[in-house]
1. Over the range 7-144, what is the relative contact order in whole percent, taking alpha-carbon pairs under 8 Å and six or more residues apart?
2. Please work out how much length the chain gains when fully extended from residue 132 to residue 81, using 0.36 nm per residue of separation minus the C-alpha to C-alpha distance, in nm with one decimal.
3. Sort the following peptides by mean Cβ neighbour count (other Cβ atoms within 10 Å, averaged over residues), highest first: 95-104, 55-64, 28-37.
4. Can you give the extra length, in nm with one decimal, that the chain gains between residue 6 and residue 141 once fully stretched, where that is 0.36 nm per residue apart less the Cα-Cα distance?
5. Of the DSSP beta bridges with both residues in the chain, give the percent that are antiparallel, rounding to the nearest 5.
6. Near residue 21, which lysines are there with a Cα under 27 Å away, not counting those fewer than 8 places off in the same chain?
7. With a Förster radius of 41 Å, plug the Cβ-Cβ distance of residue 47 and residue 68 into 1/(1 + (r/R0)^6) and report the FRET value to the nearest 0.05.
8. Give me a comma-separated list of calculated 3J(HN,Hα) values for the range 80-88, in order, Karplus coefficients 6.51, -1.76, 1.60 applied at θ = phi - 60°, integers in Hz, x for any Gly or Pro.
Amino acid sequence: MKTGFTKKEDADRKWYLVDAKGLILGRMAAEIAARLRGKHKPQYTPNTDTGDFVVVVNADRIKVTGNKLRQKVYYRHTGYVGNLKEATLQERLQRNPESVIRDAVWGMLPKNRLGRDLINKLKVYRGEEHPHRAQNPEQLKIRE
């Protein structure tokens, strides 16, 4: 009996649409990361991209639990001495809510070439409109 491995070309990809309005950030990101990796498919292979595309709309209407809006701090460094920038989740949601969801999903993906390929299959938009209507994305229900 031989073990079969799925190749990247053999994976049948679907498009999913997630409405982030009222969803909790971490739970939504975990489900999206699993869909991007393909863990919901029987032909899942850990070292191969067998996942689907995910489109997230209403990124500016997510929820977080507890006091994370004021207490969660994101850090980034510009590369220059003494230039460590910080922003709270609330500030980041006002300025760029797409990056909050993208970073949450990126934290749940592998940090290698495969992870970089997977994160490119995530499309995040601030409002209701998105340019992927031609792909007929299937509505994905995520528990709240």
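Bear in mind that the values in this text are calculations on the coordinates, not laboratory data. Every value quoted in this text rests on a predicted model; they were computed, and no experiment measured them. As a convention, Cβ positions derive from the backbone with ideal geometry for all residues, glycine included, and neighbour counts pool all protein chains shown.
1. Working: 227 pairs, mean separation 48.6, N = 138.
The normalised contact order for the range 7-144 reaches 35 percent.
2. Values: separation 51, 0.36 × 51 = 18.36 nm, distance 4.16 nm.
Between residue 132 and residue 81, full extension yields an extra 14.2 nm.
3. Details: 95-104: 17.0, 55-64: 19.5, 28-37: 22.1.
So the order, starting with the most tightly packed, is 28-37, 55-64, 95-104.
4. Numbers: separation 135, 0.36 × 135 = 48.60 nm, distance 2.67 nm.
Contour length minus the Cα-Cα distance gives 45.9 nm.
5. On the way: 5 of 16 bridges.
Bridges in the chain are about 30 percent antiparallel.
6. Partners found: 39, 41, 63, 68, 72, 121, 123, 141.
7. Numbers: r = 34 Å, r/R0 = 0.82.
The pair residue 47/residue 68 has a calculated efficiency of 0.75.
8. 9, 4, x, 10, 8, 9, 9, 8, 7
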